[in-house]
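Note sheet for the following structure.
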Amino acid sequence: MRDHEPSQALLNWYDANARDLPWRVAPAQRRNGVVPDPYHVWLSEIMLQQTTVAAVRGYFTRFINRWPDVGALAMADDGDVMGEWAGLGYYARARNLLKSARIIHREMGGIFPQTHAGLIALPGIGPYTAAAISAIAYDHPETVVDGNVERVMARFFAVTDTLDVAKPTLWEHAGSLTPKQRAGDYAQAVMDLGATVCTPKSPSCNACPWQENCRGHARGIAPDLPRRKPKQPKPTRFGIVYVVRRDDGAWLLERRPDRGLLGGMLGWPGSDWGDNPTPAPPVSANWQDPEKIVKHTFTHFHLELSVRVASVTRTARTDVGKFINNNMFHQNDLPTVMAKAFDIAKGWLDRN
Ligand code: SF4
């Protein structure tokens with residue numbers, strides 16, 4: 001088997017089976033000379049970091065409707081962008097998105113860098129994202145390896161080492177198949193194959209253009225690959241948030257510091273998250289405990305957040321955060337964990 005044969009077979013499959021994605025230029029459009037917009041490719045790749053295609057679709061469409069090019073995004077208000085990102089998670093991505101947009105707009109005349117080196121110098125762009133943008137937007141023959149591609153390579157080449165040690169080998173295998181022509185379509189084709197055919201639990205080998213040459217399939221071990229080291233259990237951290245509503249309907253909110261989890265997002269005042277938090281309330285009030293816990297899982301830990309609730313009058317004073325009028329406050333601007341706390345608090349306040 002020569003290396004270019006699988007890539008051609010996969011491109012033929014992609015021509016007939018490419019997923020319809022709002023940021024994608026379909027293979028038939030590309031044949032007709034349509035080129036991808038690097039702004040769309042970049043935005044989608046940042047959103048897709050550690051987030052599923054299904055979750056990203058709506059966010060991507062709202063972003064490009066509101067900020068149709070990198071110049072518009074560069075001039076956006078930070079709070080508006082963080083609000084539009086709310087619920088997508090990994091909020092450092094949104095802060096870096098804005099930083100990159102401003103660098104591209106102000107220092108590069110609005111032109112995206114085309115090279116891997118130029119792309120990786122921008123905030124929030126690592127080796128994978130630089131390779132993906134370079135391949136998809138500019139057809140550079142970069143080796144693009146995400147989780148889908150790792151799985152497909154482990155199976156196609158029957159790599160049985162656990163993923164933590166197998167990554168360099170999988171990257172080399174992926175590079176050996178990357179074609180010089182149509183590199184952007186090829187990168188997207190392998191991802192599509194992993195997402196729709198060579199799926200994690202039960203690959204549909206009978207529908208796969210690589211079945212004939214797939215070593216994992218031939219050995220009957222494909223569904224067990226890639227092998228993974230047993231996971232360490234995640235620790236649980238605890239926290240308290242204080243949700244207070246003023247008698248004119250305003251809510252006390254604070255913008256979290258830029259660094260750290262949920263950085264730059266709106267949230268309820270409260271504690272750090274640790275073993276035994278005992279924060280002081282942000283305002284003097286008759287605080288109540290609805291006795292409901294918000295449970296949320298981050299990448300490295302589970303969080304159990306207790307909610308305290310109070311009503312205050314317009315004379316209440318605080319040094320923490322700011323009261324935001326009810327008509328200026330949108331629950332959708334909150335990250336998911338804070339929105340869960342809001343649901344508990346509002347339900348309790350409306351009943352009591
Ligand atoms: Fe994956 Fe099966 Fe295709 Fe091999 S033949 S790449 S295991 S879907």
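Mind checking whether some residue in the stretch 14-22 is in contact with a helix residue (DSSP H, G or I) (Cβ under 9 Å, 6 or more places away or on another chain), open to solvent by 20 Å² or more (accessible area, probe 1.4 Å) and either outside the structural domain of LEU177 (by TED's automatic domain parsing) or over 21 Å from TRP210 (Cβ atoms) (or both)? For the stretch 14-22, residues in contact with a helix residue (DSSP H, G or I) (Cβ under 9 Å, 6 or more places away or on another chain), open to solvent by 20 Å² or more (accessible area, probe 1.4 Å) and either outside the structural domain of LEU177 (by TED's automatic domain parsing) or over 21 Å from TRP210 (Cβ atoms) (or both): present.
Table: residues versus (1) more than 8 Å from the ligand (Cβ to nearest atom); (2) under 11 Å from LEU10 (Cβ atoms); (3) modelled with pLDDT of 95 or more; (4) of a type outside the set (Val, Ile, Thr).
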residue: TRP171; (1), (2), (3), (4): yes, no, yes, yes
residue: GLY175; (1), (2), (3), (4): yes, no, yes, yes
residue: GLN188; (1), (2), (3), (4): yes, yes, yes, yes
residue: THR196; (1), (2), (3), (4): yes, no, yes, no
residue: PRO203; (1), (2), (3), (4): no, no, yes, yes
residue: PRO209; (1), (2), (3), (4): no, yes, yes, yes
residue: GLY216; (1), (2), (3), (4): no, no, yes, yes
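For the stretch 145-199, a residue qualifies if it is in contact (Cβ under 8 Å) with a residue 60 or more places away in the chain, farther than 16 Å from CYS214 by Cβ and either in contact with a His (Cβ under 7 Å, 6 or more places away or on another chain) or aliphatic (A, V, I, L, M) (or both), and the qualifying residues are LEU163, ALA166, PRO179, ALA195.
Screening the candidates PHE329, PHE301 for the property of being farther than 18 Å from LEU266 by Cβ, open to solvent by less than 30 Å² (accessible area, probe 1.4 Å) and aromatic (Phe, Trp, Tyr) yields one hit, PHE301. Against the condition assigned to a strand (DSSP E or B) and not acidic (Asp, Glu), how does ARG259 come out, does it pass? No: the conditions fail for ARG259. Quick check: is even one residue across the stretch 255-275 in contact with an Asp or Glu (Cβ under 6 Å, 6 or more places away or on another chain), open to solvent by less than 30 Å² (accessible area, probe 1.4 Å) and among the hydrophobic types (A, V, I, L, M, F, W, C)? Checked the stretch 255-275: at least one residue is in contact with an Asp or Glu (Cβ under 6 Å, 6 or more places away or on another chain), open to solvent by less than 30 Å² (accessible area, probe 1.4 Å) and among the hydrophobic types (A, V, I, L, M, F, W, C). Just the residues that are assigned to a helix (DSSP H, G or I) and open to solvent by 70 Å² or more (accessible area, probe 1.4 Å), please, taken from the stretch 85-104. Across the stretch 85-104, the qualifying residue is only LYS99. Pairing each residue of the stretch 203-219 that is outside the structural domain of HIS173 (by TED's automatic domain parsing) with any residue that is more than 8 Å from the ligand (Cβ to nearest atom), provided the two are 6+ apart or on different chains, yields no C-beta distance under 6 Å. Tally up the residues in the stretch 154-182 that are open to solvent by 80 Å² or more (accessible area, probe 1.4 Å) and among the polar types (S, T, N, Q), please. Number of matching residues: 1. Can you spot a residue in the stretch 131-144 that is free of Cβ contacts under 8 Å to residues at least 40 places away in the same chain, within 16 Å of the ligand (Cβ to nearest atom) and farther than 22 Å from VAL70 by Cβ? Among the residues of the stretch 131-144, not one is free of Cβ contacts under 8 Å to residues at least 40 places away in the same chain, within 16 Å of the ligand (Cβ to nearest atom) and farther than 22 Å from VAL70 by Cβ, which makes the answer no. I'd like to check something: does the stretch 73-84 contain any residue that is open to solvent by less than 40 Å² (accessible area, probe 1.4 Å), more than 23 Å from LEU253 (Cα to Cα) and part of a helix (DSSP H, G or I)? Scanning the stretch 73-84, I find at least one residue that is open to solvent by less than 40 Å² (accessible area, probe 1.4 Å), more than 23 Å from LEU253 (Cα to Cα) and part of a helix (DSSP H, G or I), so the answer is yes.
The values are calculated or read from the model by the stated rules, or taken from the named source; none is laboratory data. It should be emphasised that the depicted structure is a prediction, and the values quoted were computed from it without experimental measurement. With ideal geometry, Cβ positions are generated from the backbone for all residues, glycine too; neighbour counts draw on all protein chains shown. With ligands, DNA and RNA removed, areas are computed over all heavy atoms of the protein, side chains included. Shrake-Rupley method; radii C 1.70, N 1.55, O 1.52, S 1.80 Å.
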